[in-house]
1. I'd like to compare 143-156, 48-61: which one has the highest average count of other Cβ atoms within 10 Å, and what's the full order after that?
2. With Cα extents along the principal axes in Å defined as stated, name the option among [x] 59, 34, 24; [y] 49, 35, 29; [z] 69, 39, 21 computed from the structure displayed.
3. Over what distance in Å are the Cα centres of the stretch 109-131 and the stretch 140-178 separated?
4. Compute a Gaussian network model of the chain, connecting alpha carbons closer than 10 Å, and tell me which residue from Val44, Val100, Val142 fluctuates the most.
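Each reported figure results from applying straightforward, stated rules to the coordinates on display, with no laboratory input. Everything quoted here is computed from the prediction, not taken from an experiment. A quick note on method: Cβ atoms are made from the backbone with ideal geometry, for glycine too, and the neighbour counts reach across all protein chains shown.
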Amino acid sequence: MHMVLTERELLKVQQANPACRVELRDGRIIIMSPSGALSEVIAVMLASRLNAWVHPKRLGYILGSNGGFRLPNGDIIAPDVSFVTRDRLPTLPAGFADAVPNLAVEVKSPSDRIRELEEKLGLLRELGAQITWLIDPDQRTVAVHELGHAQLLKDGDTLHLTALLPGWSMHVQDLWPD
């Protein structure tokens, strides 16, 4: 029998394991090891570029891997990088955000399995995320899913967020540190 865990148990596990990130999915607590250095640098660089566009225009919020979302199905997840519009999240709560991010990004780290990251991003799309990106530093690719359309971008291609952040763009090769 599968015991369904709650947000309360999630918080207890997080307090007992402060070095790890935890999520609540399907009533199970998922403990994730810290990211690798490369994946964290990529996530921070992307979040910085997005925030430089979003913050001055007051379009919403860019969150990092510790910013959790309480989803409509009861799951609590934290993408590596996410953007949520002010329409979806008018004010920032002290705790988990009761919203589905408009953009959710996962950056594969050495301990990650691509299939699990794809499932997590698929769930977010089912619940209302407009765009998801899966960044794979090993392959130097970005799997983009936007409004039912999927494409794989690589060096030489450009990331756009036309539906969310018109005018914002970034070359894929700029994700990779020198």
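1. 48-61, 143-156
2. Checking each listed value against the structure points to [y].
3. 16
4. The residue that fluctuates most here is Val44.
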